[in-house]
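Before any comments, here is the structure.
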Protein chains: 2
Amino acid sequence: MPNQNGTGPRWMHGQIKCCGYRMTKPREAILDVLANTQNHLSAEDIYMAVHKFYPNIGLTTVYRNLEVLVNIGMVVKFEFGEGKSKYELSDEYSSKGHHHHLVCKECYTVIDYSDFMKDEVSFLKSTENGLSEKYKFNITDHLIQFFGVCEKCTNK
Amino acid sequence: MPNQNGTGPRWMHGQIKCCGYRMTKPREAILDVLANTQNHLSAEDIYMAVHKFYPNIGLTTVYRNLEVLVNIGMVVKFEFGEGKSKYELSDEYSSKGHHHHLVCKECYTVIDYSDFMKDEVSFLKSTENGLSEKYKFNITDHLIQFFGVCEKCTNK
DNA sequence: CTCCTATTGGTAATGGTTGTCATTATCAAT
DNA sequence: ATTGATAATGACAACCATTACCAATAGGAG
Ligand SMILES: [Mn+2]
Ligand SMILES: [Mn+2]
Ligand SMILES: [Zn+2]
Ligand SMILES: [Zn+2]
């Protein structure tokens, strides 16, 4: 979807140009779709959303660009166990900020949470330090997910 | 591989019979393969290992049984980003015990670690409590992974 | 031993993702 | 504004891990 108000962050001025990539219509459209949803979208979801405004943009192009955007850190790719990857804007480019996921194993509802971070921060810091020291790893990232059954699925 | 010494835990007496499942040759072979490796195996890996001793056991059977074993909690399924699932015995049936994973994003080496658990325990307890309370989730499980670049890949 | 039915194995199908390649579009340099 | 090098695109085919299907087999309670 074309940026509705002219005041939003123009992707043009973001990470993309700096990395030697060109700013193209599909790229922009994909970022706009991701910026305008609260959900975690599959490549197909994004393709369909983009398709409404640019019917000639292909699914292959969506996949290719998601890969690029993940590589330059503007988008994050997740596997929640559904058999297809889900994407969302990375912390820096999203209004959500740093968060993790609570996933229902039955209906695959995904909840973003950023509560209870005090304990997480200290846990992460000490664990990352310990691990990188002991295993000589250059740690760049972490993945924390909780799984369970949501309220709706429990009462069913 | 057929259980090498007659003294190991016979899967026969485990979880399987209790759940109404039958103990079959393929089932036993798959569990033996998983019990005799330190690695995280794909369905194909397991199929090939089983195939050496029971050449007539099919890949489909391996997949079907892995699903059963995951469902009754004897096996755990992981996605490390390679595009195929990896399997290992669950904590209770493995000599490894409770642990998490440190994954190299370049070569997909996976390290099991169970260090630095003191901080994790308190983090998990408070976060699980907070989340299940706030979001009315019945939390059953968690996934913690650290990603980075291993020593070998860094010097290359 | 018999019977019920869970399980198997072979093969085809599915579905998400990636490769190919001729064509097009971006943008730095003129 | 025009040009040119090349990044990016779109249509389609190929890939590959996983599932569905179904007739044949085998576990194990009685
Ligand atoms: Mn999220
Ligand atoms: Mn492990
Ligand atoms: Zn649910
Ligand atoms: Zn590595």
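The values are calculated or read from the model by the stated rules, or taken from the named source; none is laboratory data. Everything numeric in this text was worked out from a predicted model, so none of it was measured. A quick note on method: Cβ atoms are made from the backbone with ideal geometry, for glycine too, and the neighbour counts reach across all protein chains shown.
With the requirement that a residue be within 16 Å of DNA strand C (Cβ to nearest atom) and either in contact with an Asp or Glu (Cβ under 8 Å, 6 or more places away or on another chain) or assigned by TED's automatic domain parsing to the domain that holds A:Glu79 (or both), what does segment A:106-156 give you?
The first filter runs over segment A:106-156 and keeps only residues within 16 Å of DNA strand C (Cβ to nearest atom), leaving A:108, A:110.
Result: A:Tyr108, single match.
Is it true that some residue in segment B:39-49 is out of contact with any Pro (no Cβ under 8 Å at 6 or more places or on another chain) and either within 16 Å of ligand 4 (Cβ to nearest atom) or in contact (Cβ under 8 Å) with a residue 60 or more places away in the chain (or both)?
yes
Considered as a group, the residues in segment B:73-121 that are of a type in the set (Gly, Ala, Ser) and farther than 15 Å from B:Phe146 by Cα include one that is nearest to ligand 2 (Cβ to nearest atom), and that residue is B:Ser94. Kindly check whether there is at least one residue in segment B:23-35 that is assigned to a loop (DSSP other than H, G, I, E, B), modelled with pLDDT of 95 or more and within 15 Å of DNA strand C (Cβ to nearest atom). No - not one qualifying residue is present in segment B:23-35. Of the candidates B:Thr140, B:Thr127, the single residue that is in a strand (DSSP E or B) and within 11 Å of chain A (Cβ to nearest Cβ) is B:Thr140. A single member of A:Val68, A:Val121, A:Val103 is more than 8 Å from every other protein chain (Cβ to nearest Cβ) and buried (at least 18 other Cβ atoms within 10 Å of the Cβ), and it is A:Val103.
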